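> To start, I am sharing the structure in question, which I have written as structure tokens.
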Amino acid sequence: SRKCRYRVSTLCRGVGLDLNVRDEKIVPGAIGICRVKNPKADIALDISANDGLGIFADNQFDYLFDSHQLGDFTCTEAILKEWWRVIKPGGFLILYEQDKDYYPLVDTPGADPLRRKDLFWEDAWSVLEAVGNAELFSKSRHNDSNEYSWQLVARKKFAATTNPIEELKDGNTDGMVCFPRVKKADKEALVIRYGALGDTLWVTPVLSQLKKDGYFVVMNTTTKGAEVLKHNPNIDEFIIHTRHEDIPYDELEYYWNMMGRHFERVVNLTKSCEGHLIKVEGSRESRWSKEMRHAECNYNFQDRQMELAGYPDIKGCIPELHFSEIEEALADTFVNAHKEKFTIVWSLSGSGFHKTYPWAEYIAGEIMQQFNDIEIITVGDDSCKLLEWQNPQTINKCGVYTIRQSFLLTKYADLVIGADTGLLNAASCFDTPKIVFLSTNTVENL
């Protein structure tokens, strides 16, 4: 699994099966199956029969992964049809199997004693193609770095009557990419950024500059990062990870290096600021003297991003947010409904414990007591509901508004207040007045 994980992990979303768990699953969230009892697997199940997955109903899983097991079964056609049966329309069958050109043939020295058939990827594809609802998503052969396998990815087609609108859109917007990836342009740049919401916004001037330099820009990020960057015209393609743990932390460098081989330029900005310029309370560096912290860390986050991306002479960039016409129309409706009030959007917390201002309720109470025409909208995730207060002049929207709805409000509010969170970074995209409660960051950083 580890050998091919970087190539297929973005396809392993939702609920899926790993049919041959040994030392580890293809991704931690997969339901692991093994033909014998294995503490790494979730289910011990003999799947060698033609109805080996009979405990599962049709169209149950978003993906099904098998590694070096298909050749153990004598009836390839029946086995593949059974595996295909349990995959949802739009889901993936991912096969990573021994290539008979690179691996000892059946009953020869060095061959797996359980193996019954020597297969090429074409043998598997011919079965799936005959079923009639399979799309060839990716195929490749691998004979380096201790690999001796072929890789085949097939996607189950939607019926014509149920084909969702998303399937009709041009380009790749879902972030599910399989490597080796088909190049879209002669000059491609891969930008990598995992992190919190504000961290993702800092990348946007880099994307703009790469696009000006003529690159086809591919963005590798998380689901939340993609939500922040949605509708950004400087991104041509996404590679999205839905779960941080899909690629183990100790494999990230390898993963990034393997991905980067397919691009003319790679800009990796993960932990570019929070790993070097931010010294969170509790860390050893947080006990440095103020003078030492400032000497080491007092750099503007946005300028540092540009420097690391290869643009050291470009200073003072402003991050960018882009919204659809529908989003703007809904925001306009909201603004018109509240135009008689001075509207304050208040961010109650951010991604870390140090981004919660403990006296927010008391300060808000004083403000509302002094000014009757003020209206405060509290925003944040579900956990921020614990920090909300009840007042006729306050509209509680923590856990109600989406990330993008909250970000869009910062464009139209009269004032934005909060710690140095993603929401305040969003407000920095616009001329909206803002009050920032500094935590670990300095004025120079922001």
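The values are calculated or read from the model by the stated rules, or taken from the named source; none is laboratory data. A quick note: this is a predicted structure, and the numbers were derived from the prediction, not measured. With ideal geometry, Cβ positions are generated from the backbone for all residues, glycine too; neighbour counts draw on all protein chains shown.
> Give me a count of the residues in the stretch 290-314 that are in a loop (DSSP other than H, G, I, E, B) and either within 30 Å of the chain's Cα centre (by Cα) or not acidic (Asp, Glu) (or both). Quick ask: steps written out before the conclusion?
So the first thing to find is which residues in the stretch 290-314 are in a loop (DSSP other than H, G, I, E, B), and the list is 298-300, 309-314.
Cutting the leftovers down to either within 30 Å of the chain's Cα centre (by Cα) or not acidic (Asp, Glu) (or both) gives us 298-300, 309-312, 314.
Matching residues across the stretch 290-314 total 8.
> So, in the stretch 35-44, how many residues would count as being within 22 Å of Lys81 (Cβ to Cβ) and surrounded by 17 or more Cβ atoms within 10 Å (Cβ to Cβ)? Please lay out each step first, then the result.
Of all residues in the stretch 35-44, those within 22 Å of Lys81 (Cβ to Cβ) come to 35, 43.
Filter once more, so that each one left must be surrounded by 17 or more Cβ atoms within 10 Å (Cβ to Cβ): 35.
Number of matching residues: 1.
> Now a separate question. Can you name the residue in the stretch 335-376 that is surrounded by fewer than 20 Cβ atoms within 10 Å (Cβ to Cβ) and of a type in the set (A, V, I, L, M) and, of all such residues, is farthest from Pro433 (Cα to Cα)?
Step by step, filter the stretch 335-376, then rank; the result is Ala337.
> Moving on. Those residues that are in contact (Cβ under 8 Å) with a residue 24 or more places away in the chain and either among the acidic types (Asp, Glu) or in contact with a Gly (Cβ under 8 Å, 6 or more places away or on another chain) (or both), I need them from the stretch 384-405; list them, please.
If the condition is that a residue be in contact (Cβ under 8 Å) with a residue 24 or more places away in the chain and either among the acidic types (Asp, Glu) or in contact with a Gly (Cβ under 8 Å, 6 or more places away or on another chain) (or both), then Cys384, Leu387, Glu388, Trp389, Asn391, Cys398, Ile403 are the ones that fit.
> Can you tell me which residues in the stretch 259-275 are outside any helix (DSSP H, G or I) and either modelled with pLDDT under 70 or small (Gly, Ala, Ser) (or both)? Explain how you work it out, then say what you get.
Kept after step one, since they are outside any helix (DSSP H, G or I), are these residues of the stretch 259-275: 261-275.
Those that are outside any helix (DSSP H, G or I) and either modelled with pLDDT under 70 or small (Gly, Ala, Ser) (or both): Ser272, Glu274, Gly275.
> Answer yes or no: is there a residue in the stretch 65-79 that is over 16 Å from Val131 (Cβ atoms), over 27 Å from the mean Cα position of the chain (by Cα) and of a type in the set (Gly, Ala, Ser). Give the derivation first.
Going through the stretch 65-79, the residues over 16 Å from Val131 (Cβ atoms) turn out to be 65-69, 71-74.
Subset that is over 27 Å from the mean Cα position of the chain (by Cα): 68-69, 71-74.
Right, trim to of a type in the set (Gly, Ala, Ser) and you get 71.
The answer is yes, given that some residue of the stretch 65-79 is over 16 Å from Val131 (Cβ atoms), over 27 Å from the mean Cα position of the chain (by Cα) and of a type in the set (Gly, Ala, Ser).
> Could you check, for the stretch 232-240, whether at least one of its residues is under 18 Å from the mean Cα position of the chain (by Cα), under 30 Å from Arg293 (Cα atoms) and in contact (Cβ under 8 Å) with a residue 60 or more places away in the chain?
Scanning the stretch 232-240 turns up no residue that is under 18 Å from the mean Cα position of the chain (by Cα), under 30 Å from Arg293 (Cα atoms) and in contact (Cβ under 8 Å) with a residue 60 or more places away in the chain.
> Could you tell me whether Lys271 is on the phi > 0 side of the Ramachandran plot and surrounded by fewer than 16 Cβ atoms within 10 Å (Cβ to Cβ)?
Numbers: on the phi > 0 side of the Ramachandran plot: yes; surrounded by fewer than 16 Cβ atoms within 10 Å (Cβ to Cβ): yes.
Judged against the criteria, Lys271 is a match.
> When Ala160 is evaluated against the numbered criteria (1) surrounded by fewer than 18 Cβ atoms within 10 Å (Cβ to Cβ); (2) among the small types (Gly, Ala, Ser); (3) modelled with pLDDT of 95 or more, which criterion, by number, is the only one it fails?
Status for Ala160: all satisfied but (3).
> I'd like to verify a number: residues in the stretch 76-99 that are among the charged types (D, E, K, R), under 23 Å from Arg5 (Cβ atoms) and out of contact with any Lys or Arg (no Cβ under 9 Å at 6 or more places or on another chain), how many?
Residues of the stretch 76-99 that are among the charged types (D, E, K, R), as a first pass: 77, 81-82, 85, 88, 97, 99.
Pick out the ones that are also under 23 Å from Arg5 (Cβ atoms) and you get 88, 97, 99.
Narrowing further to those that are out of contact with any Lys or Arg (no Cβ under 9 Å at 6 or more places or on another chain): 97.
Adding up the residues that qualify gives 1.
> Within the set of pairs 6+ apart or on separate chains, which have a first residue in the stretch 28-54 that is acidic (Asp, Glu), a second that is outside any loop (DSSP other than H, G, I, E, B) and surrounded by fewer than 16 Cβ atoms within 10 Å (Cβ to Cβ), and C-beta atoms under 9 Å apart?
From the stretch 28-54, the pairs are Asp51/Ala78.
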